[in-house]
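The values are calculated or read from the model by the stated rules, or taken from the named source; none is laboratory data. Computed from a predicted structure; not experimentally measured. Because the Cβ atoms are built from the backbone with ideal geometry, glycine has one as well, and the counts that use them run over all protein chains shown. Ligands, DNA and RNA are stripped out before the accessible areas are found, and what is left, the full protein with its side chains, is counted by its heavy atoms. Shrake-Rupley method; radii C 1.70, N 1.55, O 1.52, S 1.80 Å.
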Amino acid sequence: MFASDFLQAKTGRRKLSMVTCYDYTFARLLSQTAIDGLLVGDSAAMVIHGHASTLSASIDLMRLHTEAVARGAGDKLVVADMPFLSFRKGVSAALDAAHALTVAGAHAVKLEGVDGHEDVIQRLTQSGIPVMGHLGLQPQSVNRYGGYKIQGRNGGDAQTILSQAKTLEELGAFAIVLECVPTALADEITAAVRIPTIGIGAGAGCDGQILVIQDLLGMNLDFQPKFVRRFAEVGRMIVDAAGSFDQAVKTGAFPAPGESYR
Ligand code: KIV
């Protein structure tokens, strides 16, 4: 799968599926599915490392996770997030950051927003690095919002997001993640741009959907926002399986003779 296949999917009205992925084991499992793309999200800072926000993700952290995912991803499109501020320190620094992620195995990079770093987006795409945009709720701006809040609910904000989407298309982005915006706005943006929109909390009208893999697997037991559907209860299974192991060890039932060497 290539970034250009994403554009063709929209033309052919084929829905796109993406999930986040942060390590080799998950990448290998996901490579056996028909999922179109793996996002090495900066959400790794929260989901894997337990930080309070994505602001703690660094290029080094993203590079390590990208390398691990790329080793197991097979033919999946691997998109790596450019972490907080890595694309706000000028074109040269942004190119270095994107270069590191590309060498680590990313086929494309994702970066939040557009205002003030149009030059970066254009230079990346002109340099052969496909760029995925990210509009609506931009988690790296959590301190500006004062929390994780739906964006684009009032007319002015909605118009801004719509015009940012058109700008991303003009700058050469190959897709746009739309996070936590009203369905009607996501539908309007999806109709207004030729590049695919990948929604998370943005309704069914987007050209594709993305979820954090731990969320869709039910591994985050105390996190259930409206837009997450649990397709499995893996968190519960892990707790139960580890509990069964503990029991078996403590009662002497594990290991059995057949699980030991002579
Ligand atoms: O980092 C991430 O997980 C993301 C998704 C929520 C789209 O950007």
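Observations on the structure shown:
- Considered as a group, the residues in segment 162-213 that are over 19 Å from the mean Cα position of the chain (by Cα) and β-branched (Val, Ile, Thr) include one that is nearest to residue 147 (Cα to Cα), and that residue is 183.
- Selection count, segment 151-208, where residues are within 16 Å of the ligand (Cβ to nearest atom) and either open to solvent by 30 Å² or more (accessible area, probe 1.4 Å) or at pLDDT below 95 (or both): 1
- Number of the exception - residue 136 against (1) of a type outside the set (D, E, K, R); (2) at positive phi; (3) surrounded by 14 or more Cβ atoms within 10 Å (Cβ to Cβ); (4) more than 13 Å from the ligand (Cβ to nearest atom): (4)
- Residue count for segment 36-50 under the criterion of being more than 24 Å from residue 3 (Cα to Cα) and within 12 Å of the ligand (Cβ to nearest atom): the result is 4.
- Segment 233-262, residues that are among the aromatic types (Phe, Trp, Tyr) and part of a loop (DSSP other than H, G, I, E, B): 254, 261
Listed here are the residues, each with its yes/no results for (1) within 16 Å of the ligand (Cβ to nearest atom); (2) modelled with pLDDT of 95 or more; (3) farther than 25 Å from residue 149 by Cα.
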site	(1), (2), (3)
105	no, yes, yes
111	yes, yes, no
115	no, yes, no
120	no, yes, yes
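- Within segment 1-83, helices (runs of 4 or more DSSP H) holding 2 or more residues that are surrounded by fewer than 23 Cβ atoms within 10 Å (Cβ to Cβ) and of a type in the set (Asp, Glu): 59-72
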